[in-house]
Amino acid sequence: MEQRTNNIRAILTGNLDPAFIRQFMAANWVVMALLVIGSSFLSSPEMSAGILLGGIIANLNCVGLNKDCKRMMRWRSMAAYYAGMAVRMGLIALAVTVAILFFKETFSPIGLFIGLSVAVINFYLLVIAMLIYRVKFKEAV
């Protein structure tokens, strides 16, 4: 338990370790699940389906980004990163276009946009937590 507390403290202070990427991706899935559950109570099923689809696309994009960054470090070439990113962006554009054109009644475009923003929302939550932690830390010292 103490190890986990130290990991969380390290993340909140900005000292990142290799486990951070796994924790960030897990937090992405948690944020997506919370948004889907919240929208199922507060909004329409189409909104929930849009958030679910967008969140899955965003989380798979984060997995691909992680792999591209590892590939770039291994090959020491930015071309590997840009090639992977170009393929992922094309697939995301295709998935979003198909969802909007063919499944208008099934998915909400607004929900899809919210779902695609899962990683961004998670990042801002992490930044806010870091700021709160630093303010409390400075007050304690």
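For the reader, a short list of remarks on this structure follows.
- Contact map, segment 90-108: residues that are over 12 Å from M47 (Cα atoms) and of a type in the set (F, W, Y) paired with residues that are surrounded by 17 or more Cβ atoms within 10 Å (Cβ to Cβ) and at pLDDT 80 or above, Cβ distance under 9 Å, separation 6+ or inter-chain. Pairs shown: F103/A49; F103/L53.
- Residue count, segment 102-116 (criterion: more than 15 Å from V30 (Cβ to Cβ) and surrounded by 14 or more Cβ atoms within 10 Å (Cβ to Cβ)): 9
- Cβ-Cβ under 6 Å pairs, at least 6 apart or on other chains, segment 71-83 side at pLDDT below 70, far side in a helix (DSSP H, G or I) and basic (K, R): A80/R71
The values are calculated or read from the model by the stated rules, or taken from the named source; none is laboratory data. Just so it is clear, the model here is predicted, and its values are computed rather than measured. FYI the Cβ positions are ideal-geometry reconstructions off the backbone, even for glycines, and counts take in every protein chain you see.
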